[in-house]
Amino acid sequence: MEEMILKLKQEIIEVLNLEDIKPEDIDNDAPLFGEGLGLDSIDALELIVLMEKNYGIKLQDPAKGKEIFKSINVMADYIQKNRTR
Amino acid sequence: MERRGLDYVVLNQGYVSVNGRVIEHEATGNALLTELYRNHIADWPKFFKMDTLSKAGFVASELLLKETGERRLDGEEFTSGCAIVLFGATASLCADRNYQETIRDKDNYYPSPALFVYTLPNIVTGEIAIRNHWRGETSFYVLEAPDAVQMAFHLACAFQNKTTESILAGWVDSSRNDDFQAFMTVIRREDAADTDWLAGQLKQMINILNNK
């Protein structure tokens, strides 16, 4: 799981252009939106695309993203349970 | 008494100057914009998400507004007195191409929302307005090439509304991710009242941009 969390952080940094942030700067339990990384609604859409492209997870209800993107730990857990690739 | 010229910034992939004063730099192309951001701005991480057109416009505006001491707000304060009117030739074509890459292959079809949001040229005006808490007019006109007379005409028109006190104006263009040209200036109502003088000022900036 630890390896997957690191990979996920690297993917998020790359896809969201979080230029000045390193994987170790992202707290596994901190909220990704609002405080924490301060992501916005476009970033949320990019994360949905990331999950589909890299893990084959098609999020039918974008509103579900609110729960899934709560933190890195929650997101990694969801991916682990639902990935098709 | 001779009238004082407008403050201006000129920026392309290998040259940067503020009121004719050259800003030293090491990088060129897109990396130059990042170098300028890190050395002169550094407090707006959204910069890294922008397309080249917006990065060039944003950096040019920051360098200029620091020089002029123009009204820049934050917190709960906003002003409708500051407008932004920009011109360019290629519009958002570069961002359009980047986005097209994400939808070109039907077996690898993942439209990027972050690239899509830049497929309008006026987004650059929005980025600058958001940064400075300006709620005045924002416009982006497409011209074949920088044309001082046409630009002066449109800028004078923008002062017809009574709320505009000043306009951040200029040329911003990016035809490829590594290629950009911009000049920017701040115009006040009295500057726009004499369109011949204004066109002359813009012409000087265009000449500097074309010769660098």
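The values are calculated or read from the model by the stated rules, or taken from the named source; none is laboratory data. The structure presented is a predicted model; accordingly, all values stated were derived computationally and were not measured. Here Cβ is always computed from backbone atoms with ideal geometry, including for glycine, and neighbour counts include all displayed protein chains. Heads up: the accessible areas ignore ligands, DNA and RNA and are worked out on the full protein's heavy atoms, side chains in. Shrake-Rupley method; radii C 1.70, N 1.55, O 1.52, S 1.80 Å.
Quick notes on this one:
- Subset of segment B:1-32 (residues that are touching a strand residue (DSSP E or B) at 6+ places or on another chain (Cβ under 8 Å) and among the aliphatic types (A, V, I, L, M)): B:Leu6, B:Val9, B:Val10, B:Leu11, B:Val16, B:Val18, B:Val22, B:Ile23, B:Leu32
- B:Ala182 satisfies every condition listed in (1) crowded, with 16+ Cβ neighbours inside 10 Å; (2) in a helix (DSSP H, G or I) except (2).
- Filter pass, B:Gln160 being part of a helix (DSSP H, G or I) and either surrounded by fewer than 21 Cβ atoms within 10 Å (Cβ to Cβ) or in contact with a His (Cβ under 9 Å, 6 or more places away or on another chain) (or both): no
- Criterion violated by A:Asn73 - all others in (1) within 14 Å of chain B (Cβ to nearest Cβ); (2) under 10 Å from the mean Cα position of the chain (by Cα); (3) open to solvent by 30 Å² or more (accessible area, probe 1.4 Å) satisfied: (1)
- Scoring B:Lys46 on the criteria (1) free of Cβ contacts under 8 Å to residues at least 40 places away in the same chain; (2) part of a helix (DSSP H, G or I); (3) within 11 Å of chain A (Cβ to nearest Cβ); (4) open to solvent by 30 Å² or more (accessible area, probe 1.4 Å) leaves a single failure, condition (1).
- Counting only residues that are open to solvent by less than 50 Å² (accessible area, probe 1.4 Å), out of contact with any Ser or Thr (no Cβ under 7 Å at 6 or more places or on another chain) and hydrophobic (A, V, I, L, M, F, W, C), segment A:22-38 holds 2 of them.
- Which listed residue is more than 14 Å from chain A (Cβ to nearest Cβ), closer than 18 Å to B:Asn122 by Cβ, in contact (Cβ under 8 Å) with a residue 60 or more places away in the chain and of a type outside the set (Ser, Thr, Tyr), from B:Leu86, B:Leu65: B:Leu86
- Options B:Asn122, B:Asn108: the member that is open to solvent by 30 Å² or more (accessible area, probe 1.4 Å) and within 13 Å of the chain's Cα centre (by Cα): B:Asn122
- The condition of being under 27 Å from B:Ala42 (Cβ atoms), buried (at least 16 other Cβ atoms within 10 Å of the Cβ) and more than 11 Å from the chain's Cα centre (by Cα) holds for only one of A:Leu59, A:Leu18, A:Leu47, that being A:Leu18.
- Counting the residues of segment A:15-34 that are at pLDDT below 90 and within 14 Å of another protein chain (Cβ to nearest Cβ) gives 2.
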